[in-house]
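Visitor: Would you mind keeping the following structure in view while I ask a few things?
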Amino acid sequence: MYELIDVSKTYRVGESDVAALRGVDLRLGAGEFVAIVGPSGSGKSTLLNLLGLLDRPSAGTLTLDGVNVADLDEKGAADLRLRQIGFIFQAFNLLASLRAWENVAVPAVLAGRRLGAVREQCLELLARVGLVDRAEHFPSQLSGGQMQRVAIARALSLEPHVILADEPTGNLDSASGEEVVGLLRKAASDTGRTVVIVTHDPQVAAVADRQLTLRDGQLVNDARVAR
Amino acid sequence: MSTGFRLFHLRGLRLRPWRAVVMVLVVSTCVSLIVATTTAFASLGRSAHDFARAVAGDAPLSVVGVSDAGLPTSLVQRVAGVPGVDFAVPVITVRVPVGDSEAVLIGVDASAVDLSSALEEEVDQVDVATLPANGAVFGEALATELGLATNETVAVSTPRGSQATVVVSALSRGAASAQLNGGRFIIVSLPFAQQALQRPESVDAVYIGVTGGRSVPEVTADLEQVVGAQALVTTPAHVAEQADQATRLTRDTSLVIAVLALLAGVFLIYTMCSATVAQRRRELLTLQVLGARRRRVTRGFVAEIGLVALVGAVSGIASGMVTGRMMIDMLPPVILSAVDVDVAYRPDPWVVGAAGLVGVLAAVAAALFAVRVDMNVPLAQAIRGTEEDSVATAGRRPVLAVAAAALLLVGAGASWAAGSRSSALILLAGAAIAALAAAPGLLARASAVVTSRLGGTGELAGHSATRHARRTWSIIMTIAVATAVSVAIQGSMSNLLTAGNRSVASLGDTALFVQPVVAEGLPTDPVFDDQTVQGLAAIDGVRQAVPGQLMPLSLDERSFMVQGVNEGTNTPAFRNASGQAQESVVSGSAAIVSRKASLALDVAAGDSVTLPSPTGPHTLRVADVVDYPTLNDGQIVISLANLQQWYARPGASFVEILTDEGAAVAQVAARARDLAASRTSATVYVEPGQEVLDALRSSIAQASLLAQTSQWMIVLVAALGVFNVMMMTVLARRRELGVLRAIGGRGSAIRRMILTEAAGYTLIGLVIGAGLGVLLHYGANDLVGASMALTVRFAPVPQSLASALLACLVVIAGALIPAWRASRLDPATVLAEE
């Protein structure tokens, strides 16, 4: 799935350069449920951005299913994100003017499908996350946990190979957070998807199969989680 | 329409309808101004052109008189004898009062059947040669209005003050009838027309057909040899072109103002789009993160704005056409008199469509610029939802804005070096705006400094200003634009009025004007004979009765007004000249020309000017050049005696009455009215000099009316823009404001904070706008002065500052509702939200 070889990312902040990632070597396989942990400023989000093709490494090589991201232009990266990667955000990032099922349909619409043609599929996805009875509700009418479950359904819409979640439980109460993590766990185990979560919640990290620990931009630990 | 566009863009419009409404209003206002201006003035010209075509048909040439005295009948045969002339049809056309109405009197002979026109069709149906001596063909519309039937009689008044009785020999119906002044015409035999108009030896025009293998230019050259200075060889559209000329100044000024309104509107749309992108940035970036290509997202946003603009353009076209129709009715008589036919509102669909298209394209361009500049942030931010609008990031200088500023600065320098100060100043103002566009952070910091001086809530407001630099910039520049427009328009119009009023002030020195038109009109018909003038002079209390005439004249294909004066006149074009020049004119050896005429004729004091006339060319020395506002190409002042002799125009078209000191002016006026009315069939008006002066000043002021209306429309639109952006600001800061309420901030404090923020923006916007406004005022003065050929001196006026302050108050009122909404936020509800 993913292969990172000596990947670094440097940002220019004012007059100085900040090394957000330094010399990261990493392989992520299909069906893995991976947690990226580390203190604030350790480079977790930067790594997630690179995995999500939202940014390019300053040095090193990053490939996804054998495709080197450096060879992709903006269109290529967008197409790959649309079809291969599902995103879940801490801030949910649902579109306020769309109903729940329409939010789930967004990736399909971006892929050229008609809204009516994907409605059934969207309702099924909402059923999977336990929200089919909220299908016609707008985000303003949903709780935080419900919004995040809609976001999960959206992320699964085009059956991507990868799900990337940035602090998915950061804005949720513990019960909702457990539900969300459970859904992500299921997404990884039932369908063989690779799920990568950035979190600083140890309970969330404990659910993962593998934990990657970052500190000061370096991968300091890569360990299987004992159960 | 694609699913994605409906879902990601149109759905958002329904969620935030007021933003769309504001944008529709902005585009609608701009398009409406352009449509109203272009269609109203175009209708004047088109009405004149349509009538010319209905009379002359396809005739390629016409020979016309240089003045309203026409051309001698003796020329008609000589013109007809020129090789290549197929037909030469003499015609008289004059607007006359008939009953309680007005119509066009058309005098023709049997040769009119050679014309391929609506007139020819009418003449064909009724053999003009067999009409009774005073028989006439009446257009259906006129006959209906007057309630006339066949064989009934009606009195027709003539420009020379006489009356003629005509018999309704036939009523015209059908499409051809409607083409002739909308069916409001009277066709009589040419001899009868000449007799009734007391012009036995002249006609207005001869329409000429060309044949025999000769070209139009060849025939034209031969005709010019034949007519010399007695007449003008031109096309049948000449009269219509003169009408266009007479309205050109007002039309062009109005159009410039409409275009300025459009530019201001584009700027306001840009600021609204910029603020909208800032508000929706996370949503638009989320789409890109999910896999939408950037171009698709950009195009969708621009198409969304384009659709809103289309609605605005359509409503603007509709309201513009309604306004244009009303404008025709509101045009001053002095402009309508340049078009001697009924004016029908005839909007050109191409022009109307183009105006709408311009509005849409302008909005689309503004949206495209806003989205390309303001969406230029890393995608990674979408995940975190961080606000990429802080001072730090806003410190990046958009390359385009800097390049634009540099280019405009170079242009300003080049214009100044070339001697075009007005262009240089306007370009300099543009460069300043572009430079400010490159420095949103600078304005945000300045705003923070100002608001922090306004108390504790001011410090909080200052933080908000720096955190949302682009939004801050949008609001400040909106206020600056509104202020600059107010200062510039108020200042330049005020200076123009001062200059215009100064140039006509002497009219107030005459006690009474006796004339056949109302105070706002131009008396061009010589209805008062010498005996009438003598009678007026003999009235008790009258010190002097000074006859004068005004006469339109075509010279070098331009349209002038010739004024014939006698000693003692207070008419401004004469009184503004030096004493020596006045003496020369009265003695008949010189002329005074207005500054506009001197530019049109390329003559200065000391040069000569040659005036064509039915009696041949006459050359006079230019004794002086004076400031005098006119709508046509200028005023030429000669002695009354010269005018009467050269143009076969005995009598006077107005008489100035100068009274003895202590005379009872009202009694003199009553006696003068009775005496003059008894000696002419024309309606006589006796107007106090001050009223004539006020009417002329009012006409000048009307020219600025459109400018000032546009100014306040721009201010209103700016207020809507500020309202829109402040509302978005409050919505975007719901959580922050909710927190402030939760920790003890009262609603009144929140309201004060928002208003303090708005006050800070207003103060900075006022200062920037005032500075830009002064530059634009100076530049506009030069432009307006050049177009009116008046010396318009730059002078700051208190009204400018008052206007600017009022504009700011109106604009800041746009912040009241958002401030009120902010004060009403329920902290519990807000904090429970995302």
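Visitor: Can you list residue pairs whose Cβ atoms sit under 9 Å apart, with the first residue in the range A:215-227 being free of Cβ contacts under 8 Å to residues at least 60 places away in the same chain and the second being exposed (fewer than 14 other Cβ atoms within 10 Å of the Cβ) and of a type in the set (S, T, Y)? Count only pairs 6 or more apart in sequence or on different chains.
Guide: Final answer for the pair search is none.
Visitor: Here is a further query. Could you check the range B:1-23 and list, in sequence order, the residues that are among the hydrophobic types (A, V, I, L, M, F, W, C), in a helix (DSSP H, G or I) and either surrounded by fewer than 21 Cβ atoms within 10 Å (Cβ to Cβ) or within 14 Å of chain A (Cβ to nearest Cβ) (or both)? So that I can check it myself, show each step before the final result.
Guide: So in the range B:1-23, the residues among the hydrophobic types (A, V, I, L, M, F, W, C) come out as B:1, B:5, B:7-8, B:10, B:13, B:15, B:18, B:20-23.
After this cut, where a residue has to be in a helix (DSSP H, G or I) as well, the list is B:5, B:7-8, B:10, B:13, B:15, B:18, B:20-23.
B:F5, B:L7, B:F8, B:L10, B:L13, B:L15, B:W18, B:A20, B:V21, listed by residue number.
Visitor: Taking the criterion of being touching an Asp or Glu at 6+ places or on another chain (Cβ under 6 Å), at pLDDT 85 or above and not charged (D, E, K, R), would at least one residue in the range A:177-195 satisfy it? Before the answer, list the steps.
Guide: Looking only at the range A:177-195, we keep the residues that are touching an Asp or Glu at 6+ places or on another chain (Cβ under 6 Å), and these are A:194.
Next, from what is left, pick out any that are at pLDDT 85 or above: A:194.
Then keep just the ones that are not charged (D, E, K, R); that gives A:194.
Checked the range A:177-195: at least one residue is touching an Asp or Glu at 6+ places or on another chain (Cβ under 6 Å), at pLDDT 85 or above and not charged (D, E, K, R).
Visitor: Quick one: which strands (runs of 3 or more DSSP E) sit completely within the range B:114-222 and have at least 2 residues that are among the hydroxyl-bearing types (S, T, Y)?
Guide: Numbers: elements: B:135-139, B:153-157, B:163-172, B:185-189, B:205-210.
Qualifying strands (runs of 3 or more DSSP E): B:153-157, B:163-172.
Visitor: Same structure, new question: Going through B:G291, B:G300, B:G265, B:G316 one at a time, which residue ends up being among the small types (G, A, S), on the phi > 0 side of the Ramachandran plot and more than 17 Å from the chain's Cα centre (by Cα)? First the steps, then the outcome.
Guide: Working: B:G300 fails: on the phi > 0 side of the Ramachandran plot; B:G265 fails: on the phi > 0 side of the Ramachandran plot; B:G316 fails: on the phi > 0 side of the Ramachandran plot.
Going through B:G291, B:G300, B:G265, B:G316 in turn, just one is among the small types (G, A, S), on the phi > 0 side of the Ramachandran plot and more than 17 Å from the chain's Cα centre (by Cα): B:G291.
This table checks each residue for (1) surrounded by 21 or more Cβ atoms within 10 Å (Cβ to Cβ); (2) closer than 23 Å to B:V85 by Cβ.
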residue: B:I186; (1), (2): yes, no
residue: B:L197; (1), (2): yes, no
residue: B:P200; (1), (2): no, no
residue: B:A205; (1), (2): yes, yes
residue: B:T211; (1), (2): no, yes
residue: B:V216; (1), (2): no, yes
residue: B:A221; (1), (2): no, yes
residue: B:V227; (1), (2): yes, yes
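Visitor: So, in the range A:163-214, how many residues would count as being within 14 Å of chain B (Cβ to nearest Cβ) and in a helix (DSSP H, G or I)?
Guide: 1
Visitor: Just give me the residues in the range B:782-805 being part of a helix (DSSP H, G or I) and closer than 17 Å to B:A701 by Cβ, in sequence order.
Guide: Of all residues in the range B:782-805, those part of a helix (DSSP H, G or I) come to B:782-788, B:798-805.
B:V784, B:G785, B:S787, B:M788, B:Q799, B:S800, B:S803 - these are the residues of the range B:782-805 that are part of a helix (DSSP H, G or I) and closer than 17 Å to B:A701 by Cβ.
Visitor: Another one. Between B:E122, B:E140, which is surrounded by 18 or more Cβ atoms within 10 Å (Cβ to Cβ) and of a type in the set (D, E, K, R)?
Guide: On the way: B:E140 fails: surrounded by 18 or more Cβ atoms within 10 Å (Cβ to Cβ).
That would be B:E122, the only listed residue that is surrounded by 18 or more Cβ atoms within 10 Å (Cβ to Cβ) and of a type in the set (D, E, K, R).
Visitor: Could you tell me which residue of the range A:63-91 is surrounded by the fewest Cβ atoms within 10 Å (Cβ to Cβ), considering only residues that are in contact with a Ser or Thr (Cβ under 8 Å, 6 or more places away or on another chain) and of a type in the set (G, A, S)?
Guide: A:A70
Visitor: Let me ask something additional. Could you list, in sequence order, the residues of the range A:182-220 that are of a type in the set (K, R) and surrounded by 18 or more Cβ atoms within 10 Å (Cβ to Cβ)? Quick ask: steps written out before the conclusion?
Guide: Step one: list which residues in the range A:182-220 are of a type in the set (K, R), which gives A:185-186, A:193, A:210, A:215.
The one that is of a type in the set (K, R) and surrounded by 18 or more Cβ atoms within 10 Å (Cβ to Cβ): A:R193.
Visitor: Of the residues in the range A:127-152, how many are surrounded by fewer than 20 Cβ atoms within 10 Å (Cβ to Cβ), assigned to a helix (DSSP H, G or I) and away from chain B (no Cβ under 14 Å)?
Guide: Number of matching residues: 4.
Visitor: I'm told B:A258 meets every condition in (1) touching a Lys or Arg at 6+ places or on another chain (Cβ under 8 Å); (2) in contact (Cβ under 8 Å) with a residue 24 or more places away in the chain except one. Can you identify the failing condition by its number?
Guide: B:A258 satisfies all of (1) touching a Lys or Arg at 6+ places or on another chain (Cβ under 8 Å); (2) in contact (Cβ under 8 Å) with a residue 24 or more places away in the chain except (1).
Visitor: Another question, if that's okay. Give me a count of the residues in the range B:725-760 that are within 25 Å of B:V21 (Cα to Cα) and β-branched (V, I, T).
Guide: Summing the residues that are within 25 Å of B:V21 (Cα to Cα) and β-branched (V, I, T) in the range B:725-760 gives 4.
The values are calculated or read from the model by the stated rules, or taken from the named source; none is laboratory data. Quick caveat: nothing in here was measured; it's all calculated off a predicted structure. Glycine also receives a Cβ, built like all others from the backbone with ideal geometry; neighbour counts cover every protein chain displayed.
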